[in-house]
Amino acid sequence: MTSPTLTRRGRVVAAVCVVGVGMALAAGGRSLEAVVLPSAVALAAGYVQLARIDEPAVRRTLPSEGFVGEGGEVRLAFRGRGTNGAVSPTYVADVDDGLDDGLEGPPGPVRTSVGDAPATYRVRYRRRGERRFGPVTVTASDVFGLFERRTVVEEFDTALAYPACREIPPWLRRALYADDAVGASRRREEFDRLREYARGDPLRDVHWPATAKHDEIVVKAFAAETERGRVAIAGEAGGGRESAGGRKSAGDRAPADALASAAASLALALLDDGVPVDLTLPGGEVSVDPGRRGRRAVLELAARTGPGSGGVEEADVRVVADESGARYRVDDRAVAFGDVAGGTVGRAVEETVGGAVGETVIDAASDVADEATTEASVPRERDEVIGR
């Protein structure tokens, strides 16, 4: 922690003291007492106040992981480094939390009373990937604003920002798995296992004893569903040049960002349909089933992937991205992601399933109610999908 230093106001007061001493010596001791003494007392009091404070410890609470464009509140709580954890004495300070260039925070430091209240501010995810917070710069000031004392607390945290995802139309999704997949998944065949509830599961498949035990919706999976074909997605993106500082420029990141958005959007849409997905990207691969864990695994892979090739030759659909954007390729047909993508997907991975079991059951019942409408409106011929 640095020693107390004079602020601009403090330098003015100090200059007044110096000038006042000269004037007082010329005019007499009475002028010295009237002009210089109050300023000197204020300077001494301000210095002593800041000299007594110690470097605080900081605990940062981050918002939930989210998509690009989302964010939340960051909370910085301060405590003393002594055994009781109290900050004594408390003091006013400007708090500035370091944010990397993929985060958007407040325009300036946050003013708070260290020891009395935490510092809070809003942050927004500007780019996908591991986003870094820290260090924390605390600039304390005395009650008169004459001195300041700065300390840098080496406290760092990271949050994962998911790529921006969009809705994928049913006619594109359904062409990627077998024509009879929907019917087969609903045949009442041999029980196979239990799994998490996914959008589209019939309410009659809910396994109530397991649901009550795990505090989340659990459904019965039958042999026909288990045998349902998986959809393999492989992606590749150009670019990848690095600047002298070792960071990607905005132009170099564009293909990888487009790949991440297109691949994650399609994978999430298929998982919502109850279709298992094998996703291979330059950053790795995951093999997931429908449910919250599968969605999170897809988003985490897409958030971290970079440019390059997934290295998979045989896939049901390939996602190819360059400076012009991303495209889906199936056999010898292709369609641009931007031409088919719908509305923005947000908050796809929640801390709890529906917030409570009862709320999720209502969601499940709603899914059952609109199944007939969805099924009737979706073309299932593969030839209708790519190259419309």
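Where a number appears in this text, it was derived from the coordinates with a stated rule and is not lab data. The structure displayed is predicted, hence computed values, not measured ones. Backbone-built Cβ (ideal geometry, glycine too); neighbour counts: all protein chains shown.
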Karplus-derived 3J(HN,Hα) from phi for region 98-107 (6.51 cos²θ - 1.76 cosθ + 1.60, θ = phi - 60°), whole Hz, x at Gly and Pro, runs x, 10, 6, 6, x, 10, 10, x, x, x
Direction-averaged shadow area of the convex hull around the Cα atoms of region 259-338, nm²? 5.1 nm²
By average C-beta atoms within 10 angstrom, highest first, the peptides 287-299, 47-59: 287-299, 47-59
Under the Karplus curve 6.51 cos²θ - 1.76 cosθ + 1.60, θ = phi - 60°, whole-Hz ³J(HN,Hα) for region 283-291, x wherever Gly or Pro sits: x, x, 8, 9, 10, 10, 10, x, x
Sum of side-chain charges, ARG52 neighbourhood, beta-carbon under 15 Å (Lys, Arg +1; Asp, Glu -1): -2
Which residues qualify? For LEU99, with a placed amide H closer than 5 Å and at least 5 residues away or on another chain, they are GLY134
Given the C-alpha atoms of region 35-106, compute the convex hull and give its volume per residue in Å³. 136 Å³
With a 10 Å radius around each residue's Cβ, average the other Cβ atoms per peptide and rank 1-8, 156-163, highest first. 156-163, 1-8
